[in-house]
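**Q** Below is a structure I'd like to ask you about.
The values are calculated or read from the model by the stated rules, or taken from the named source; none is laboratory data. If you're wondering where the values come from, they're calculated on a predicted model, not measured in any experiment. Here the Cβ is made from the backbone with ideal geometry for all residues, glycine too, and neighbour counts use every protein chain on show. Surface areas here come from the heavy atoms of the whole protein model, side chains and all, with no ligands, DNA or RNA. Shrake-Rupley method; radii C 1.70, N 1.55, O 1.52, S 1.80 Å.
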Amino acid sequence: MSFQAKTMITVLLLANAVLVVDLLRTRRLTESYTLLWLFVIACTTGATWADGFLRHLAWFFGAAVPLSALTLLGLAFILVMLIFFSMKISKLTKELKDLAQEVALRIPPSPSGDSRE
Amino acid sequence: MTAMAGKGIIVIPVFNEAENIAGVIGEIRAEGLGLDIVVVDDGSSDRTRQVLCELPVQALSHPINLGYGVAVQTGMLHAVRRGYDFLVLMDGDGQHVPGEIPKLLAGLEEGADIVIGSRILSGSESYTIPPLRRAAIRFFSFLAKALGGVDIRDVTSGFQAMRRDVFSFLAREYPVDFPDAEVVVMLGLKKFTVAEVPTQFRRRERGISMYSSLGTVLYYPFKSFLASVIVLLRLFRERREG
């Protein structure tokens, strides 16, 4: 991979790191997810500059150039993250549903309680 | 009064039915069925909640809109916790005719665990069902028979009466949206007796149906198919795990 490509990828990753930290600062992201993303950014930056690792990765995936291997790795990671977040959203949706039902059931029925004809 | 022994309740899930619900409640009361009525407001954004406060019914309100299935499940949970013996489920848009409730209850008395009011069965009186909808009903009825062994012509009908065993079971596990075919499959696989009786249905006069949007038309068949198959897979797993 050329020095220019490595620099461009690194700049993009650093911009991402700044964004993630800013999201934490403005309370739009929790510490756990910020750490997760910073870990991913650090790993990707490391992989970008580790020529030997990328060559092995390209050989393993059967990719023509190391950059393709890195792209493939990124796509696989995004897929895993999407499934993870879909599971997380499904769990939160169920919890929200259970909570809202409990709220509806705990507030006494209005107005008379007994509607028998 | 109904001849059905035990304490019964009519569950009516509603979302933005301010224009229809008072009429529906009035009709039910005019029938003199001797059943309690609970209306579950699924976070309506119109005047439904205010209208319900002025009606002689038990009203439960979701703080947010959660979907038709969740509103039904809340009504079932309420019935379980308040010790009801049987439950009638009907819509709040005026399509279901309260005068037909005794027919459903008669089915329970004859031994069924759940009775579905049909628009399609011979002897039914219904508005003309659009061809696409009719085809979907046929397909899902076939699916319910193939996967759940339940021979029902109108699996998408929300006009139902059920015994405590059934609504106690469904109160634990009920689909969030479009609880049609998969519920029938689920009940069939759990060996509940599902019966069907011909009933009268009317066309909705005011308000918007939950089946009216293009997104729903596209989403509904795939969701129902997937959910029905998943019910089967879950049961296989349950049986394998003992």
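**Q** I'm checking my understanding of the structure. Among residues of region A:15-55 that are under 18 Å from the mean Cα position of the chain (by Cα) and in contact (Cβ under 8 Å) with a residue 24 or more places away in the chain, which one is nearest to A:Ala69 (Cα to Cα)?
**A** Ranking the candidates gives A:Thr44 first.
**Q** A further question follows. Could you tell me whether region B:210-222 includes any residue that is open to solvent by less than 10 Å² (accessible area, probe 1.4 Å) and closer than 30 Å to B:Glu19 by Cβ?
**A** No, region B:210-222 contains no residue that is open to solvent by less than 10 Å² (accessible area, probe 1.4 Å) and closer than 30 Å to B:Glu19 by Cβ.
**Q** Moving to a separate point now. Do we find a residue being more than 13 Å from chain A (Cβ to nearest Cβ), of a type outside the set (Phe, Trp, Tyr), closer than 19 Å to B:Val194 by Cα and touching a helix residue (DSSP H, G or I) at 6+ places or on another chain (Cβ under 8 Å) anywhere in region B:121-139?
**A** no
**Q** Is one or more of the residues making up region B:150-172 in a loop (DSSP other than H, G, I, E, B), over 13 Å from B:Ala195 (Cβ atoms) and open to solvent by 60 Å² or more (accessible area, probe 1.4 Å)?
**A** Within region B:150-172, none of the residues are in a loop (DSSP other than H, G, I, E, B), over 13 Å from B:Ala195 (Cβ atoms) and open to solvent by 60 Å² or more (accessible area, probe 1.4 Å).
**Q** Given the conditions (1) surrounded by 11 or more Cβ atoms within 10 Å (Cβ to Cβ); (2) of a type outside the set (A, V, I, L, M, F, W, C); (3) modelled with pLDDT of 90 or more; (4) closer than 18 Å to A:Ala5 by Cβ, report the number of the one that A:Asp51 does not fulfil.
**A** Of everything listed in (1) surrounded by 11 or more Cβ atoms within 10 Å (Cβ to Cβ); (2) of a type outside the set (A, V, I, L, M, F, W, C); (3) modelled with pLDDT of 90 or more; (4) closer than 18 Å to A:Ala5 by Cβ, A:Asp51 misses just condition (3).
**Q** Being closer than 12 Å to B:Gly148 by Cα and surrounded by fewer than 16 Cβ atoms within 10 Å (Cβ to Cβ) is the filter here, so list the residues in region B:233-242 that pass it.
**A** B:Leu233 - this is the single residue of region B:233-242 that is closer than 12 Å to B:Gly148 by Cα and surrounded by fewer than 16 Cβ atoms within 10 Å (Cβ to Cβ).
**Q** Identify all residues within region B:18-69 that are among the hydroxyl-bearing types (Ser, Thr, Tyr) and more than 17 Å from the chain's Cα centre (by Cα); write none if there are none.
**A** Listed by number, the residues that qualify are B:Ser44, B:Ser45, B:Thr48, B:Ser61.
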